[in-house]
1. Between A:E368, A:E397, which is within 26 Å of the chain's Cα centre (by Cα) and free of Cβ contacts under 8 Å to residues at least 24 places away in the same chain?
2. Tell me, which strands (runs of 3 or more DSSP E) wholly within region A:577-690 include 3 or more residues that are surrounded by fewer than 17 Cβ atoms within 10 Å (Cβ to Cβ) and not small (G, A, S)?
3. Has region A:664-679 got at least one residue that is within 13 Å of chain B (Cβ to nearest Cβ) and in contact (Cβ under 8 Å) with a residue 60 or more places away in the chain?
4. State the number of residues belonging to region A:720-752 that are more than 19 Å from A:F688 (Cβ to Cβ) and assigned to a strand (DSSP E or B).
5. Please specify each residue of region A:385-396 satisfying the condition of being within 7 Å of chain B (Cβ to nearest Cβ) and either in a loop (DSSP other than H, G, I, E, B) or touching a His at 6+ places or on another chain (Cβ under 6 Å) (or both).
6. Which of (1) away from chain A (no Cβ under 12 Å); (2) touching a residue at least 12 places away in the same chain (Cβ under 8 Å) is the odd one out, the single condition B:D126 does not satisfy?
7. Using the structure shown, decide if B:Y382 is within 12 Å of another protein chain (Cβ to nearest Cβ), touching a residue at least 12 places away in the same chain (Cβ under 8 Å) and surrounded by fewer than 21 Cβ atoms within 10 Å (Cβ to Cβ).
8. Provide a single number: the residues in region B:307-329 that are at pLDDT 80 or above, assigned to a helix (DSSP H, G or I) and away from every other protein chain (no Cβ under 13 Å).
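The values are calculated or read from the model by the stated rules, or taken from the named source; none is laboratory data. All values reported here derive from a predicted model rather than from experimental measurement. All Cβ positions, glycine included, derive from the backbone under ideal geometry; neighbour counts span all protein chains shown.
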Amino acid sequence: MTKKKSEAANEDQTRDTKKKSVSAVKSSQKEKPVLAKQVKSSKEEEDLLLDSATDSDYDGDSLSGSLNSDDFDSDVFDSEDDASQKETEGGDKDSSEDELELHGNEDSDDDDEGEQVDSENDEEDGSDEEREVAEESDSSEDEVAPRNTVGDVPLEWYKDEKHIGYDITGKKITKKEKQDKLDSFLANMDDSKNWRKIYDEYNDEEVELTKEESKLIRRMLKGEAPHADFDPYAPYVDWFKWDDAIHPLSSAPEPKRRFIPSKWEAKKVVKYVRAIRKGLIKFDKPEEEPNVYLLWGDDSASDQKSKHLTYIPPPKLKLPGHEESYNPSLEYIPTEEEKAAYELMYEEDRPKFIPKRFTSLRSIPAYENALKESFDRCLDLYLCPRVRKKRINIDPESLKPKLPSRKDLRPYPNSCYLEYKGHTGAVTSVSPDCSGQWIASGSADGSVRIWEVETGRCLKVWQFKEAVKCVAWNPLPDFPILAVAIGQDLVILNTELGTDEEQQKIEELLRLGTLPEQDEAVAAIVSWLPDETYGGIKIKHFKNISYVDWHPRGDYLSAVMSAGETRGVVIHQLSMHKTQRLPIKMRGLPVCTLFHPTHRGMFIIATKKNVRVFNLQKRELAIKKLETGLREISSMAIHPGGDNLIVGSKEGKMCWFDMDLSSKPYKTLKNHPKDITNVAFHRSYPLFASCSEDSTAYVFHGKVYSDLNENPLIVPLEILRGHSTSSNRGVLDCKFHPRQPWLFTAGADSVIKLYCH
Amino acid sequence: SQALKSLQVNLNLFRRLCIVKGIFPREPKKKVKGNHHTYYHVKDISFLQHEPLLEKFREIKTYQKKVQKAKAKKNEELARLLLTRQPTYKLDRLIRERYPTFIDALRDLDDCLTMVHLFAVLPASDRENLEVKRVHNCRRLSHEWQAYISRTHALRKVFVSVKGIYYQAELEGQKITWLTPHAIQQVFTTDVDFGVLLTFLEFYETLLAFTNFKLYHSLNVKYPPILDSRLEALAADLYALSRYIDASSRGMTVEAKADASSSSQSNDRAESELRLAQLQHQLPSSEPGALMHLVADKEVEEDEETRACKSLFKDLKFFLSREVPRESLLFVLPAFGGTVSWEGEGAPFKEDDESITHHIIDKPSAGHMYLSREYVQPQWIYDCVNARIILPTEKYLVGRIPPPHLSPFVDNEAEGYVPDYAETIKRLQAAARNDVLPLPGVGKEDLEDPQNLLYAGVMSRAEEAEAAKTKKKMAELEKQYHEELKKEVTGSAVDDVAAAPVVEGGDGEESSVPDAAQIAQDTADMPTLMMSRKKRKLYDAMKIGQKKKSESVERIKQRKKNLKADQ
């Protein structure tokens, strides 16, 4: 029974070793890259072989070897076997080595081969072995279980036992009988194959190497590869990619820190753990509050007034009208011409929306401006200032002031009654005689004419070389003389209208005898000369005269030139043939002058911007300055009462001044679109008029009450048209008839018109 | 910029704050810096300064910087982590602040609704930063709103314009008008700053959500309505519950139904299938019976107009063809008491239902015609709604060009021009009253009675006014004629002429004769001379306005005349 077993064991062992060697070969084939190790392992085996070779050569040596040294070989193989089943840890390695050593010491007797290696070598070998084992442990063929199952225990434990261990079924494996040393030696010597036998102590059996195995071993001893067909000098394949490596590979060994857990990480972990324990870090997400809830729960709280500014709700969009319908009535759709006309309009004027017609609901396309309009609305909402505006929903007519009925304010001139034709140029000036029977007119063609008012008959004509600027009839009824401004000359004409007595007086007056001494300064400006052609007086000035006005007494007359300071206005005294300059310096260019109708010494001068009132007798500075606020004054007229003044300007505005009340205008009327050329008051009726370049004349009712507390009443009465515009000029002058409510207008169309009531 | 400096914000943030806080520039009494500056009230700015939202925005900004930094350092992990924990803000407090009472909110709801409805049909776009989620939210909100209006029959007027469909509803005395675009894909325009729009939208969404909540709350319905498309089981629950729960929950199911049905049209969306599936579960609950129940148990305190609206389409059953704008009609018809079904999945009743009275169709010709029902174009419904009577359908039959669709928002008398069809409708209305009046008995009609009378009164007054106008015109003409005659008579006698104000001198010498119109004009203008400048400007402006109006009316009349002449 035991024998059988041992035989079987023997078989096993042989098979084992065979396998082992094969696997070793395989492993060496497998692990070409690990050359160093391969070499080592082969070296180790070489040792073995060397031994066996020597064995085979002669026995004495082997004997001695077996005698003096411990036979490790089988041990080595054993341990190799064991290790293949176990792990490769360092500690184990040590222990197995120890065990090996122990073993060696113990089993000095039972060796067939009796090999010898120095013990120094052993350790190395062992470790190398182990490594190799580690390498080849992956091959599954090695996994055949050994016969003995004791495991990796020191075999000395079984030294005194009958068995060497247990087989896989748990039965004891009995030791083979120990042969006598001599017998065994003899047997060995007899057996020719003895040199191929190896004793496996662990399994307690002898293993016989086959021929192939021995060949293998021999090759290894020579330092060749175990297999014949292995080429150790195969061309080198460089597996490493050098493409983008700029640095050579470091040969530095992997640092230790890569293999041990980091201290800092550990600390961090501890920190996190603490934070979690304290509740600083929460893992579950916070509960979501409901997005919507009853915001306006009770409206009682809303009664409190907001502290903020008043909220102005945005204006609602305009609601769409019929034309925005997808299917509007046909009349809302513009025709092709109209659409073309829209294209020509300015961007702002163009209608925003052009109605279109679709015959069915499904044919309506998307509105392309939807986003744009929404955006515009948004812009309006947050960028436009909001203001509450009161919309007046009233009839515009109710805005007009209630005026007294014009019928009650009659008479006033309202229709053209007569036209005086004869001038060939624009009539620049008219002046009615104080009796109201005659009217004088001056024209740009250089003629001065006298007409009979009632019939329109031209009584007299004087022809001058230059255009007539201004004519003015002497206000005294018994001195029918005419002052005419022509260029630089002021001509006093005798109209030869009065009775003989009057004529005599006039001629006397107009005869220039010995002229009185003039001031030097005055003489430089003005010189008195007799007029040869028409037998009057010619007063020559140093500049063109623009305006002439008589004093109500008829003795003085003022002439206005466009010159500054004291020289702009001169006052001539007809009876003395004398001229005075304005005693006061004046700013700006004078435009027109007026003698106060009631107060003797008062003199009113209008410059371009302002009106100043002087007292000539006192020779002091202006006693009053009226601020018109107009851009350029063109004319001025004074109420016969003397307290009210109207001023016309070139921007078409007319100001009414109440001189007692204020220096600001009481009323400013913007009636004309163009320059006002003249304004006039009626001497007795409460009427005043203005005429303008737009060829119209306005007639107003201007009543001044004797009660100082009552404001003057101004009512526009009539717009008089009829003159036609010529060379951009309209009505150049207007004057009232001294007695009747009639108005004379002088037009640039060389016609004088008389408007009657 | 002064405001920016004092608030220490950038312009974008300032604008955003202004939008959500509803702060707008003011017109100062004295513009210190000139005309071309925008002036905010100091109080407004300090109001902004104390806004917690400002702090929140700053926080968000710094947080964004953190994320930015993480990204710049390629720390994707951290960036992702940070992004998940972004600080958010809420606008509810602002809404309460801006609209202390619910009425205030309703008053300003016009723009809100228009915008939300517009964005509900916009395609989501990455470039404009418009997310799908927001579009869906807009859609949901608008449907909720419509469902409420439809349920309470608060809709008053509908007008289909080129720009879209205008609806006007009356809630708590406030007239709310909004515009929904046509259900066609909208296009993005480039000249629009989407940032501003989205900021507005953000506020409006919140506002509308709260408003809806309040409205649903007033109906005792839970908000938000549970009709989540993903929760099909829940929908089934709803259906099961709807049988025996009280009116409130019934209301809810109807809401749900309306919503689901309207949303079922978003066929392009992926989830619509789900919704449809869910719809099938819900639909049985929305049988006409349920609707009738609703109508029956409706509160008594309704005003007459609501009653009128509710009963307009009361006993009619409508079927919508595939090509008609279903969304709009599904909103309008139930709002006026009609029963609707449509072609497609989930319809409550099929096309071959015998009880259908009207089939809405928008094709040139209908395929199979049932004799029991009338085939009309959708415009008929809108016109009926605006006229509040059932109009005769002859003009609206399939294949015909319908009569002009008129705006219900226009006061024809004030405009000065009444289109023909408006008069036709008015006549029909009057006829309807007369028809209704003799019918005895039913309380509803009795209630309508005073209204009818009122209408008639309005009618007669309008006619009267017109007649008076024409009479006046005639009189004027006559007068003018007389005056001219008189002028001719008195022309020669100069002295007598002075008596008449409008007279021309008949002198032989006179060549240019001012015409009568000129003189009349002069006399009319005379008082304007005496007006102060301010008044005169005002007067001129009013005159210009009047002139424009009359001109446009004239133009329309002229066109009409031309058209008639052409025919």
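1. Going through A:E368, A:E397 in turn, just one is within 26 Å of the chain's Cα centre (by Cα) and free of Cβ contacts under 8 Å to residues at least 24 places away in the same chain: A:E368.
2. So the answer is A:624-627.
3. no
4. 5
5. First, pick out the residues of region A:385-396 that are within 7 Å of chain B (Cβ to nearest Cβ): A:385-387, A:396.
Passing the criteria: A:P385, A:R386, A:V387.
6. Unmet for B:D126, out of (1) away from chain A (no Cβ under 12 Å); (2) touching a residue at least 12 places away in the same chain (Cβ under 8 Å): (2).
7. no
8. Going through region B:307-329 one residue at a time, the tally reaches 0.
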